[in-house]
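Each remark here refers to the structure printed beneath this line.
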Amino acid sequence: MSGGNNTRVVRVALMAVPALLISLTFLQQRIDVSAAPLQNEKPELMLRSGAMVKKLSLGYDPLLADIYWTRAVQYFGERVGLRGATFELLGPLLDITTTLDPQLMVAYRFGAIFLSEPAPAGAGRPDLAVELVKKGIAANPDQWRLYGDLGLIYSIHLKDYQKAAKAYLEGSKNPNAQIYMKAMAGAVAQKGDSLETSKLIWGEVYSTTDDAQIKKRARQHLESLDAVIDLKNLNQTSETYWEKFGHYPATIQELRDAGLAEGKLEDPEGYPYVMGAYGVPQLNPESTIVMERDQQLPQRNH
């Protein structure tokens, strides 16, 4: 092809970009107008039907999927971490996104994290996360990582270890799946609700993902679990101290002085553990590690 022809092709392509943007703007306006009669209803009702948006998409499904995925990320980002925040529109936004583009893996995988993480780190709706991932599996049966995501939700958030093991095992049947999927199935089936199983799952997520945000969240979970294990061990040591001296230690240092504890005795962020009332060890108030409610030690009242 001659240089003149190349120049004409580039010129035509550049002229088409504004036209495409105008078309997308018109398309979004058309969707908003179609939804206008629902303005007086609850806001989430305006976005329930991914199929309706798909019909109005004029063939620009993938581009609109990117738009709605961006909306979902912005919606989540504006609320995450805020005490009392709600996420009613998150599920519908993710449903529309994945209906428009059923192969958009990032929407399934990130969306499941957004939905399943407990407040204030997420929407606290693992049930919706399961629905989203199952939708992804139905549309992309060869994506074995989605089975791993499903197993994680069942085991970590729903404590349904039978379904978790089944999800991991089903994913392991894919010839491209990594060997840890089968190991996960066995570990979850055997140990169920254990800190070791949780560490195994989050450890594999951390070591196998290339996404910085997922890796960060996995690391946060691993640090939390390490702190829980430390505090449980210190709590048992505190009980031993009581049996030996007839009273609970007032400080962590007393455990060390009695020869019952050694080492740094600090959390993964480097903050030393402190002793709470009645000899119950706790995280340092300055530590940013966050533990879930079911991970926290019960307080003694004697």
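Values in this text are rule-based calculations from the coordinates and carry no lab data. All values reported here derive from a predicted model rather than from experimental measurement.
Here the Karplus relation 6.51 cos²θ - 1.76 cosθ + 1.60, evaluated at θ = phi - 60°, turns the backbone of segment 142-152 into coupling constants of 8, 7, 5, 5, 5, 5, x, 4, 5, x, 5 Hz, with x for every Gly and Pro. The spacing between segment 211-276 and segment 80-121, judged by their C-alpha centroids, is 34 Å. Partners of Lys244 within straight-line reach, counting aspartates and glutamates whose Cα lies under 18 Å from its Cα and excluding those fewer than 8 residues away in the same chain: Glu254, Asp257, Glu262. The length gained by stretching the chain between Val106 and Lys199 to full extension, at 0.36 nm per residue less their Cα-Cα distance, is 31.1 nm. Based on the reciprocal of the average 1/r between different C-alpha atoms, the Kirkwood radius for segment 232-295 equals 12.2 Å.
With a threshold of 23 Å on the Cα-Cα distance, the over-threshold entries among Lys134/Lys163; Lys134/Lys216; Lys159/Lys232; Lys166/Lys191 are Lys134/Lys216.
Counted residue by residue at 0.36 nm each, then reduced by the alpha carbon distance between them, the extension gain from Glu78 to Tyr278 reaches 68.0 nm. Applying the Karplus relation 6.51 cos²θ - 1.76 cosθ + 1.60 with θ = phi - 60° to segment 231-243 yields 3J(HN,Hα) values of 5, 5, 5, 5, 5, 5, 5, 5, 5, 4, 4, 4, 5 Hz, where x marks Gly and Pro.
Proximity of backbone amide H atoms, modeled 1.01 Å from N, is registered between Glu266 and Tyr273 at under 5 Å, excluding neighbours fewer than 5 places apart on the same chain.
Every Cα-Cα pair in segment 153-302 was counted, and those over 27 Å apart are 35% of them. Given their separation in residues at 0.36 nm each and the Cα-Cα distance between them, Thr209 and Leu63 gain 50.0 nm when the chain is fully extended.
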